[in-house]
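First up is the structure itself, then whatever we jot down about it.
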Amino acid sequence: MQQSLVQNSESRYWKLSFYILSVLILVIMPLISRDYGQSGDEWLQIEYGQHIWNYFVNGDPQALNYDSMSLQYQGQQFYGGFFDFLTEVLHQWFPSIPLLLLRHFFNALMGALMMMFTGMFVFRLSKSWRLAVIALLFIVFSPRIFGESMNNPKDIPLGCGFIIGVYYWLAFLQEFPRRMWRYAIGIAIGFGIAFGVRSAGGILQIGFFGVMSLLYYFTNKEFQAQLRADSNKLLKKGILVLVVAMVAGYVIALLTWPWGLQAPLTHPLESLKEMTNRSVTLRVFFEGVYRPNSHQPWYYELKWIIISNPLVVIAGVLLFLVLMARARKVYGTFTVAFLIFAAFFTPFYMIYKKSSVHDTWRHLFFIYPFWVSMAALGWPLILVFFKSEKLRWLPYAIAIAGLLPAIVWTVKSHPNQYVYFNELVGGVQGAHGYYDTDYYQNSALQDAKWIIKNAKPIPGRKIVVASNMLGFDKYFAKDTSWISWYYVRYNDRHHKEWDYYVTYSRYISPEQLQNDKWPPANAVHQVQVNGVTLSAVLERKSAAGIAAYDALQKNDFATAVQKYSEYVAADPYDENALANYGIALASIGQLDQGINVLNQAIQLDPGRADFYQILGSIYNAKGDKQNAQQAANAANAIMIREQELAQ
């Protein structure tokens, strides 16, 4: 009796702890979301929300088809409009609130809800509030999820809707036939969000519901008896309630998706087909090399999950799998079977279908709650190795202690938590130059704030800011009277007009990253995490590069030499300017000087085949066949390697 009272007291304590933690993240995360930059394609999502608004309000058909627009817009109609449209509606109602702040507030709220429902899902599986707290801590301090909860408007809302729907479906099964309509409302909301963000995710969720129902039926004899009783009366009622819930969720989703409304039955299936194997080809940085997104190693997504989440979570998943027999005894066959299915079906299906992948594992965020669930349930299984009752606290202590490095990182790296890598690759320092870090451009807001604070107004004209980050102009919405922005490729920066250039690590040559040649040594500001630069601000020191490039294009090589000499004296860290300078020098007969300058460019970026080709041409002009061949061999080796990676 006394032991039972102690257990009840502990349960109440852990339940209260869970509620307190849930309230804290529901409050804190939306409040700090203002510190995060817009994600890389958020400008596109903003426009999509505006297009949907214009469709419903003004009859504008743009939201139905993006085939005639640029690459970034291609296939946009295949996405649901739940988040983008509803935040645009709120912005129309409250225009005084900056749109990015509004979007990030609700993005963070959905991230917090995803975390909270993950803990509640674990409680449903284990009937332990202690494990629910462990699961909640695991997912809150999974820095990738925490960081992207602030500004990822696709994958976080999808993950939120997905776990809400799965949670209420499980509750429906466990408490059947009680509270059916209450849980049906939760199912409708979860399915509506998931389907409304990405219809392919909603269709997949239906499959998860089906598998869960079958597993629960075949592993629960009492449930079977309930369904068969009284000529299947309860079964028929349950099916009716679930059908109503799914239809309601379907309607919720379609009401924010113009393209889906055109053909409610066939267009979602077309969207699923498109999302399974995107036709857009992108370069993706993985394991130190760039490959097309359609030619990544089969283990791409799984490796990303393993190296970019806390080791204590990954270890917990392994314990759950290794001690599966013990897990079946403790948690039941249903729990073990469903979690394994939910965690691994999608990535293995993607491997089987050879799906195109890119941008780390963000497209699989919706399965992470199931990884966390396995981890939380996995750690207590080690009690099988400890017979003493006094050590029953040990697994929980290990789990929380193992999470401490991720907790420290989450606090210290704010607001750049999402560039986290675990110890398997040496943290972010070990990953730098081999894996994408700030691929989603979160640090751009910090660069923009630095420019606004430190740039001095120029009499008679606006300050010109350039960057290879689309949507960067959104940060200067209140400063357009003295700051302008436009897009400039990183390799074109020396011959374009700007006062400040903002660069980030994506699409930078691996050789530059690995040899600390990026950012250029003359950067005036850098956003860093643990000594690793995520983005940087360059300040124009000379405008001579513009005139030099124009002269080179006109074959005015003497003027090009003069102007490039002036430019590289002010900025000796621009490899493209140096390469052009070398061409100009060689073109006026100064071959040795041209060779020297080309070698400087190669030192800055040894991965450029075109630099070696230019160098080889100059050696040929000089009559130095041996060095010309060496340069040609180097260029060919780089090109052959690139071709191999593309196959």
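The values are calculated or read from the model by the stated rules, or taken from the named source; none is laboratory data. It should be emphasised that the depicted structure is a prediction, and the values quoted were computed from it without experimental measurement. We place every Cβ from the backbone using ideal geometry, glycine too, and count neighbours over all the protein chains shown. When the accessible area is computed, the model is the full protein with side chains, heavy atoms only, and any ligands, DNA or RNA have been set aside. Shrake-Rupley method; radii C 1.70, N 1.55, O 1.52, S 1.80 Å.
Do you know which of the residues in region 557-587 that are of a type in the set (S, T, N, Q) and under 20 Å from residue 610 (Cβ atoms) is nearest to the chain's Cα centre (by Cα)? Top of the filtered list is 576. Among the conditions (1) more than 18 Å from the chain's Cα centre (by Cα); (2) open to solvent by less than 50 Å² (accessible area, probe 1.4 Å); (3) under 24 Å from residue 115 (Cβ atoms); (4) of a type in the set (Asp, Glu), the only one that residue 438 does not satisfy is (1). Of the helices (runs of 4 or more DSSP H) that lie entirely inside region 190-286, those containing 1 or more residues that are open to solvent by less than 50 Å² (accessible area, probe 1.4 Å), at pLDDT 95 or above and more than 30 Å from residue 48 (Cβ to Cβ) span 199-218, 221-254. Of all the residues in region 110-130, those that are open to solvent by 10 Å² or more (accessible area, probe 1.4 Å), part of a helix (DSSP H, G or I) and not basic (Lys, Arg) number 9. For region 167-200, the set of residues classified as touching a Leu at 6+ places or on another chain (Cβ under 8 Å) and more than 18 Å from residue 247 (Cβ to Cβ) consists of 170, 176, 177, 197, 198, 200, listed by residue number. Do we find that residue 628 is in contact with a Lys or Arg (Cβ under 9 Å, 6 or more places away or on another chain), open to solvent by less than 90 Å² (accessible area, probe 1.4 Å) and more than 22 Å from residue 508 (Cα to Cα) in this structure? So residue 628 passes the test. For region 497-527, residues that are under 24 Å from residue 606 (Cβ atoms) and either in a loop (DSSP other than H, G, I, E, B) or of a type outside the set (Phe, Trp, Tyr) (or both) total 21. Within region 553-585, take every residue that is open to solvent by less than 30 Å² (accessible area, probe 1.4 Å) and among the charged types (D, E, K, R) and give me the one that is nearest to residue 494 (Cα to Cα). Ranking the qualifying residues of region 553-585, first place goes to 574. Among the residues of region 483-494, those identified as in contact (Cβ under 8 Å) with a residue 40 or more places away in the chain and either in a loop (DSSP other than H, G, I, E, B) or crowded, with 21+ Cβ neighbours inside 10 Å (or both) are 493, 494. Looking at region 445-453, is at least one residue under 23 Å from the mean Cα position of the chain (by Cα), crowded, with 18+ Cβ neighbours inside 10 Å, touching a residue at least 60 places away in the same chain (Cβ under 8 Å) and farther than 16 Å from residue 535 by Cβ? The answer is no, given that none of the residues of region 445-453 is under 23 Å from the mean Cα position of the chain (by Cα), crowded, with 18+ Cβ neighbours inside 10 Å, touching a residue at least 60 places away in the same chain (Cβ under 8 Å) and farther than 16 Å from residue 535 by Cβ. Among the helices (runs of 4 or more DSSP H) confined to region 535-647, the ones with at least 2 residues that are under 24 Å from residue 498 (Cα atoms), touching a helix residue (DSSP H, G or I) at 6+ places or on another chain (Cβ under 6 Å) and aromatic (Phe, Trp, Tyr) are located at 557-570.
Among the helices (runs of 4 or more DSSP H) contained in region 383-473, which hold 2 or more residues that are within 18 Å of residue 538 (Cβ to Cβ)?
444-454
The number of residues in region 439-497 being of a type in the set (Lys, Arg) and closer than 19 Å to residue 37 by Cβ comes to 4.
Modelled with pLDDT under 95, polar (S, T, N, Q) and either open to solvent by 20 Å² or more (accessible area, probe 1.4 Å) or within 17 Å of the chain's Cα centre (by Cα) (or both) - does that describe any residue in region 372-392? Yes, region 372-392 contains a residue that is modelled with pLDDT under 95, polar (S, T, N, Q) and either open to solvent by 20 Å² or more (accessible area, probe 1.4 Å) or within 17 Å of the chain's Cα centre (by Cα) (or both). Is one or more of the residues making up region 346-353 among the charged types (D, E, K, R), surrounded by fewer than 23 Cβ atoms within 10 Å (Cβ to Cβ) and within 19 Å of the chain's Cα centre (by Cα)? No, because not a single residue in region 346-353 is among the charged types (D, E, K, R), surrounded by fewer than 23 Cβ atoms within 10 Å (Cβ to Cβ) and within 19 Å of the chain's Cα centre (by Cα). Residues of region 29-45 being surrounded by fewer than 22 Cβ atoms within 10 Å (Cβ to Cβ) and at pLDDT 95 or above, which ones? Within region 29-45, 30, 31, 32, 34, 35 meet the criteria. Residues in region 296-331 that are buried (at least 17 other Cβ atoms within 10 Å of the Cβ) and more than 24 Å from the chain's Cα centre (by Cα): 319, 320, 323, 326, 327, 331. Being in contact (Cβ under 8 Å) with a residue 40 or more places away in the chain and either crowded, with 16+ Cβ neighbours inside 10 Å or over 30 Å from residue 291 (Cα atoms) (or both) holds for only one residue in 462, 478, 474, and it is 474. Among the residues of region 49-84, which ones are within 24 Å of the chain's Cα centre (by Cα), modelled with pLDDT of 95 or more and of a type in the set (Phe, Trp, Tyr)? Selection gives 82, 83. The number of residues in region 325-371 that are in a helix (DSSP H, G or I) and farther than 21 Å from residue 202 by Cα comes to 12. Looking only at region 245-267, decide whether some residue is touching a residue at least 12 places away in the same chain (Cβ under 8 Å) and closer than 30 Å to residue 643 by Cβ. For region 245-267, residues touching a residue at least 12 places away in the same chain (Cβ under 8 Å) and closer than 30 Å to residue 643 by Cβ: absent.
Pairs are defined by a Cβ separation below 6 Å, a sequence spacing of at least 6 or placement on different chains, a first member in region 67-87 that is touching a residue at least 40 places away in the same chain (Cβ under 8 Å), and a second member that is among the small types (Gly, Ala, Ser) and part of a helix (DSSP H, G or I); the pairs so defined are 78/271; 80/196; 80/199; 80/253; 82/196; 84/49; 85/49. Say we look at region 143-189 and pick out the residues that are without any contact (Cβ under 8 Å) to a residue 24 or more places away in the chain and outside any helix (DSSP H, G or I); which of these is nearest to the chain's Cα centre (by Cα)? By that ranking, first place goes to 179.
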